[in-house]
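Reviewing the structure listed below.
We did not get these values from a lab; they are worked out from the coordinates using the rules stated. What you are looking at is a predicted structure, and each value in this text was computed from that prediction instead of being measured. When we count neighbours, we look across all protein chains shown, and the Cβ atoms used for this are built from the backbone with ideal geometry, even at glycine.
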Amino acid sequence: MDTRIIKRYSSHLPADDDHPYRRGAWTPNLVEYTALDLEVLEGAVPQDLRGVYLRNTENPLFPALERYHPFDGDGMLHAVHFHDGKADYRNRLIPTRGLALELEAGEPLFAGILENPALSQRPGWGARQGMKDASSTDVVVHAGRALTTFYQCGDAYACDPVTLEPLGAETWKGGFPEDWGISAHAKVDELARELLFFSYSKQAPYLKYGVVNAQREVVHRTDIELPGARLPHDLAFTEHYVVVNDFPLFWDPKLLAQGVHHPRLFSDLPTRFGVLPRRGTGGDVRWFEAAPTYALHFANAYEDGDEIVLDGYPQEDPAPRRQANDGPYSMLMRYIDLHALRTHLTRWRLNLKTGKVTTERLDERIAEFPTIHGRHAGRPYRYVYAMTSKPGWFLFNGLLKHDLERRETQSYEFPDGIYASESPFAPRSNATDSRQEDDGYVVTLVTDTQCDRSECQIFDAREIARGPVARLRLPERISSGTHSYFVPAWDLS
Ligand SMILES: [Fe+2]
């Protein structure tokens, strides 16, 4: 292994930091590395695993103005490049405009999600406004560039997916929606080579949607009018349609009018899914109503005769309540605890002929953070890989593989104190038939909190229950985070 230190940062966090999401598996990293040919602890890097695994993490350098939330942390991207039976690792802080301003000032400048935006010292970003666009939520690769994004909307920071060399805020050749920015979870259609994005705001029409082609040109955009400000986090698409959402969990409009951003579940309102042609306009949207809930993520969607099948993770309890013995972090922890929110893989069927929706729970386990074979996105598919979490915590302690055809699930539980990342499917580089949907690997980064170290682990996608087939040592323990992505070598250029 050839490990070079690229840069060291200083932390402005308190030395005796007691925040539960800046300690343990969430301790921020301060060193950027380039480590070529990672040491193999077990097994071997498969020769037919080619491409890049990317993981975005929240990695704060500065304390919050008042109250830190893990989703406020500065983005740090970790990448493992698999080629020729070897793996190279790199990690880099994402050079956001907000972080540059704070580094220059030597202090925090922006209010986070739990704080009053009026505290911000600069105009800031985000649908909520006044926030630091930390670019720490999501990462995808489109048109050969990795794009990191922030869940509250902002820039898409581009970098080379292999070297992580920064390429600046994405402009899409002048078409980037500078006014609202874009949300996390822009979706890549690998077959059409398009990126579908959305943006949301407190201003009417409240939702916008657009399409970027393989030449990085915005070839379509439209406004989608909603009844008010909403908090959409994801988007789904099929071969011909895009599915937007209007969940009845949003900032209480009365409080919002007073500048207070308090998300509330309006359980007398339905969930609404809006279906429009991929090149359609706001006027083309057909709305479908389902039981009230909130969902962060969709696994996939596809067309099936007259129906659109939409698989995702509705929350049984999207608004957990305060309890008598709550401590200072209790509500924060509850809102990011899958076991408090109670998320189950669920299928909605939207009937384009009758306008009716049916809902079916596909699995009783509590899980979230789904990934699938990228070539099946928007098309009929069979397998979902998802993460289970440690009760009470936003930490992934296990991996599931759902076979939706046979209605069977395989599972793997990581040993105590070892937490994984979102774990995408990586197709075998010489797989000739993508109908062999699980012909490949599942890749993750794990943090071992007992030994204070991290590994890259590779699973055989057909037998995830067997545990990792290869384990590679990373130079340092890495911080936990949210989303990951695998880009096959054939999509790197
Ligand atoms: Fe997300």
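Proximity of backbone amide H atoms, modeled 1.01 Å from N, is registered between LEU352 and GLU307, ILE308 at under 5 Å, excluding neighbours fewer than 5 places apart on the same chain.
When each of the peptides 76-83, 239-246 is scored by the mean number of other C-beta atoms lying within 10 Å of its residues, the order from highest to lowest reads 76-83, 239-246. Taking a label point 7 Å from the Cα of ARG97 along the Cα→Cβ vector, which residues of segment 173-213 have an amide N closer than 18 Å to it? Within reach of a label on ARG97, which here means backbone N under 18 Å from a point 7 Å along Cα→Cβ, segment 173-213 contributes 173-184, 199-202.
Along segment 16-25 the Karplus relation, 6.51 cos²θ - 1.76 cosθ + 1.60 evaluated at θ = phi - 60°, assigns HN-Hα couplings of 9, 3, 10, 5, x, 9, 10, 10, x, 5 Hz to successive residues, with x for each Gly and Pro.
Using the average count of surrounding beta-carbon atoms within 10 Å as a protection proxy, the listed peptides 349-358, 24-33, 146-155 rank, highest first, as 146-155, 24-33, 349-358. Loop-located GluC sites (Glu not before Pro) in segment 327-397 (DSSP state not H, G, I, E or B) with no more than 16 neighbouring Cβ atoms inside 10 Å: GLU364. Could you let me know the centre-to-centre spacing of segment 1-69 and segment 303-377, using Cα atoms, in angstrom? First find each Cα centre; the distance between them is then 29 Å. Under 19 Å of direct C-alpha separation, and excluding same-chain neighbours fewer than eight residues apart, LYS353 reaches these aspartates and glutamates: GLU239, ASP284, GLU289, GLU303, ASP304, ASP306, GLU307.
Taking each DSSP H run with n ≥ 4 as -39500 (n - 2.57) and averaging over every residue of the chain yields -1000 deg cm²/dmol at 222 nm. Annotation: amide H of ALA87 within the under-5 Å range of ASP37, LEU38, sequence separation 5 or more or interchain, hydrogens built in the peptide plane. Calculate, for ILE6 and LEU167, the FRET efficiency according to 1/(1 + (r/R0)^6) with r their C-beta to C-beta distance and R0 22 Å; round to the nearest 0.05. Given R0 = 22 Å and the Cβ-Cβ separation, E is 0.85. The value of relative contact order for segment 2-491, using C-alpha pairs under 8 Å at least six residues apart, is 13 percent. Among the listed pairs LYS132/LYS390; LYS132/LYS208; LYS7/LYS173; LYS132/LYS187; LYS173/LYS208, those whose Cα-Cα separation exceeds 26 Å are LYS132/LYS390; LYS7/LYS173.
Between rounded, prolate and oblate, where does segment 380-436 land on the alpha carbon gyration tensor, with a ≥ b ≥ c its root eigenvalues, rounded for a/c under 1.5, else prolate if a/b exceeds b/c?
Values: a/c = 2.98, a/b = 1.83, b/c = 1.63.
Here segment 380-436 falls in the prolate category.
The simple spin-label model puts a point 7 Å past each Cα toward its Cβ; for ALA465 and LEU191 those points are separated by 3.1 nm.
The calculated FRET efficiency for ASP326 paired with ASP16, based on their beta-carbon distance and R0 = 25 Å, is about 0.65.
When the alpha carbon coordinates of the chain are projected onto the principal axes, the ranges are 58, 54, 51 Å, largest first.
Which FRET efficiency value, to the nearest 0.05, is calculated for ARG264 and LEU119 with the Förster distance at 30 angstrom and r the Cβ-Cβ distance? E(calc), rounded to 0.05, equals 0.85. Spin-label model, GLU66/ALA291: points 7 Å from Cα along the beta carbon direction are separated by 3.7 nm.
So, in Å, what gap is there between the alpha-carbon centers of segment 381-452 and segment 77-103? With segment 381-452 and segment 77-103 each reduced to a Cα centre, they are spaced 22 Å.
Sorting THR447, THR3 by the number of Cβ atoms found within 10 Å of their own Cβ, with the fewest placed first, yields THR3, THR447.
For segment 174-215, the list of GluC sites (Glu not before Pro) that fall in a loop by DSSP and count at most 13 other C-beta atoms within 10 angstrom reads GLU178.
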